[in-house]
Every structure is written in structure tokens, then in C-alpha cells.
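Scroll down for the structure; my scribbles are underneath it.
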Amino acid sequence: MHKNFKNIDKVVYGRGSFDELDGIIAPVRKENDGFFVFVVDSYFEGKPLADRIPVGPKDVVRYIDVEPKEPTTEQVDELRDSVLAEYGLPSGIVGIGGGSIMDIAKATALMFTNKGSSTLYQGLNLIKKPGIYHLGVPTISGTGAECSMTAVLTGPVKKLGLKCDWTVFNQVILDPDLTSSVPRNQWFYTGMDTYIHDIEAESGIFYNAYSKAYGDQSVQLCREVFLGDNSGQNPENDEKLMIASLFGGLSLTYSEVGACHALSYGLSYVFGYKHGFANCIAFNHLEEFYGDAVQEFKQMIDHHNIDLPQGLSAQWSDEEISKMADVAYNLPHMWTHALGHDWEKNLTKENIEEMYRRL
Ligand code: NAD
Ligand code: ZN
């Protein structure tokens, strides 16, 4: 079956475009009980951006601390339940922050109209009804969560997205001004998520011309941002990385991620490591899958003096390694992409445990 891919309905891009938010949501304010929910990364509380959020008299603003762990099903259920109980059904929800906030906004939009816990909907096409209007404003570039069909949540038994057409944002505002304050290591880890999406998309059986067109552009932009002279200090790089993130997300959506993301999911599930960081930990040791790209990745690390811990597995117990390998093994679409349809003949859980022991 070919993928029938839902894209974002509308995108506005450019420095200062955040100020279009008020006008963009004005026509939507008539819907449901006539108010908006803004979920905002708590980093912005008390910062100038907070005063630029067009909060109407009935609107609800929730600042959310996305550290140290990734978004959970419990967090989304609690947000939905408390808003419904106190204020009713919002016209829409706006997420302002990184991949964590994007996913919370996307998932909560769906859960406002779908009964029960979000744990019931972790998987593909399990959501029963369209959610409410949802708009994303990324403030850090790399995850591709701004364009993807999934909202990744960690639940009591798995880390898995609510994935369906309705998950995709109705509107995204891409304003590169908003990413200038991201701390250096975080900028790198999340930015590398894009580079890794591009490399993984091209390293498997689902790669195709559609994926390649976006992926080639995205990799090129990543090279300019992470290997170019003066990279990091040049404000143009915020513009480039924002588009690289979008294109990397589109590239992987029309292909697939592979071994690195499978291992990364295990690391996040067992240790709560952030997605971009976990990807970097794994990618650094996956030459057999990604060849020269791993060398290029190491050059990028050196170029920016990034701290990437080594030898982590020395502290991990056999149980932890086994649990991570279970999580990684149970992502068949990723292994199919990486190793082919008969991947189960060539990969055992023990092989995955060995990969973890290298980290
Ligand atoms: P994040 O949202 O977790 O934020 C990382 C850190 O950066 C936080 O401390 C945050 O406060 C800070 N931050 C964000 N913007 C900032 C700014 N402008 N200035 C200063 N600090 C800022 O980071 P992320 O890497 O974007 O997102 C990771 C999450 O995205 C994970 O939960 C992962 O599962 C999810 N993800 C989702 C998809 C998808 O397709 N839905 C894809 C990849 C990753
Ligand atoms: Zn990723």
C-alpha cells in the first residue's frame, strides 16, 4: 500500500510571523465554547514572547515544564479533563514550544473529542473522531513534529504516537526569531534529529524520489548550519534549520526511520532521555547502518564542542538493556525499512542488546 499522506493545512513562514497568530485564529474563535487554550513551554513564562500571545478574556494559558521527561499520556489526559471540567470545549489549542509542546498540543486536540484515556489511542488510526482546531508554533528546530502525522506519548506500557490524519496541525507558524534563545547543546541535539531523519530515510527500502527531494535539501541545509564557517553564530542558520526540520519531517514521513530511532525509543522509554539526545547517543555507534554519515556526525560534534556522553552502558543493568531491546524490537516498521521485509530472520533481540552495550 502506498502512503496517503496528510500535510499541514496552512503554513506561514518568516521572521516576525508569530504576530499573525491573532488574525489567524480570529475566525476559529466562533467554534465550540468560544475560547482558546495556549500550551506554552514554561521557558517563556515571564519572557517578552509571553506578552505577545494574543490571550482573549476567556482564553486559558498553561505553561508546561517539559523537563526532564518526554510528554506522557497522563499529562495529556489531565490537561483535557481539567479544561473540559472548568471551561468547556475550546475552539482550538495553540502549542508554543519544542517537539514536546507540539506533541502535547496535537494529542490534546484529539483527546478533547475522543473519550477515555489517550493510552487507548496509542497506535495507527485508533482515533475515532477529528479533534479540535490545533496550531503549532515551534520554538526549537529539528523534530519535524510540526508536520508529522503523529503525537508521541509515553504511557504506562509503551512510548507510541497517536497517529492518524487528524493529528496533523491545521496551521503552523514558522518564525525563526523564536529559536534564537535555544541553549547550545539542546540546539545541537534537536537539530541532529533532522539530520538523522534525513539519513535514516535514505537508508532503507522505503526510500523514494519524494522522500529524496525533501531529504537532499534538508541534509544540505544541515551541512550549512552544522559544518559551515561561523555556524551557530549566524542568524541565517535559524532560518535554515527551521526549514531543514520541516523538510526532514516530510522526507521521513514519505519514507521511514530505522535502527537509530528504534534504539532511541528504548533509551527514552527506560531512562527518559530526550529524543534528540537519545538519537545522538545511538547514531554515534551505528556505522554498520549509516556508514560515512556517522563520520560526518562526529565532525559536527567536534565543530561545535558538544558534550556527548560515552560509555553509558557500563552503568546499565542487564534488565534495563533487555527492556530497551524489547521496546526497540517491537518497532517492526523501522526494522523492515532498515533490513528488509525478512528482517526477523536477520535480527534477534540479542543483536539489539549488543548494540545497546556499545553505547
Ligand atoms: P523539547 O520540546 O523537549 O525542548 C527541549 C528543551 O529546549 C526544553 O528545556 C525547552 O524548554 C527548551 N526550549 C525550547 N525552545 C526554546 C527556546 N526558544 N529557547 C530556550 N529554550 C527552549 O525539545 P525537542 O527536541 O524539540 O522535542 C523533543 C520531543 O519531541 C520528544 O518528546 C519527542 O518524543 C518528540 N518528537 C516528536 C516527533 C513527532 O513527529 N511528533 C518527532 C520527533 C520528536
Ligand atoms: Zn526523530
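Tally Lys/Arg at +1 and Asp/Glu at -1 over every other residue whose Cβ is under 14 Å from the Cβ of Asp19; what's the total? Net local charge, Asp19 excluded: -3. Based on the convex hull around the alpha carbon atoms, the chain presents an average projected area of 17.1 nm².
What does the charge count around Lys129 come to, taking other residues whose C-beta lies under 14 Å from its C-beta (Lys +1, Arg +1, Asp -1, Glu -1)?
Numbers: positive: Arg80, Lys115, Lys128; negative: Asp165.
Net charge around Lys129: +2.
Using the 1.4 Å probe convention, the accessible area of the chain works out to 42 Å² per residue with neighbouring protein chains retained.
Other residues lying with their Cβ under 14 Å from the Cβ of His303 contribute a combined charge of -2, Lys and Arg counting +1, Asp and Glu -1.
Rounded to 0.05, the FRET efficiency of the Tyr210 and Asn330 pair, given R0 = 41 Å and the Cβ-Cβ distance, is 0.90.
Each residue of the range 119-128 was assigned a 3J(HN,Hα) from its phi angle through the Karplus expression (A = 6.51, B = -1.76, C = 1.60, θ = phi - 60°), giving 4, 5, 10, 6, x, 8, 6, 8, 5, 8 Hz with x at Gly and Pro. Across the accessible surface of the chain, with the other protein chains kept in place and a 1.4 Å probe, carbon and sulfur atoms take up 51 percent. Listed by chain and number, the lysines whose alpha-carbon sits under 20 Å from that of Lys158, ignoring those within fewer than 8 places in the same chain, are Lys69, Lys106, Lys115, Lys274, Lys323, Lys349. In this structure, Val157 and Ser42 have a Cβ-Cβ separation that, at R0 = 30 Å, corresponds to a calculated FRET efficiency of about 0.60. Translational diffusion of the range 68-173 was estimated from the Stokes-Einstein equation, with Rh taken as the Kirkwood radius over Cα pairs; at 4 °C and 1.567 mPa s the coefficient is 97 µm²/s.
Using the Cα coordinates of the range 184-358, the gyration tensor eigenvalues translate into equivalent-ellipsoid semi-axes of 26, 20, 12 Å, sorted from longest to shortest.
Calculated over the range 1-116, the projected area of the Cα convex hull averaged across directions stands at 9.3 nm².
The values are calculated or read from the model by the stated rules, or taken from the named source; none is laboratory data. Computed from a predicted structure; not experimentally measured. Virtual Cβ from ideal backbone geometry, glycine too; neighbours counted across all protein chains shown. Note: areas computed on protein heavy atoms with side chains; ligands, DNA, RNA excluded. Shrake-Rupley method; radii C 1.70, N 1.55, O 1.52, S 1.80 Å.
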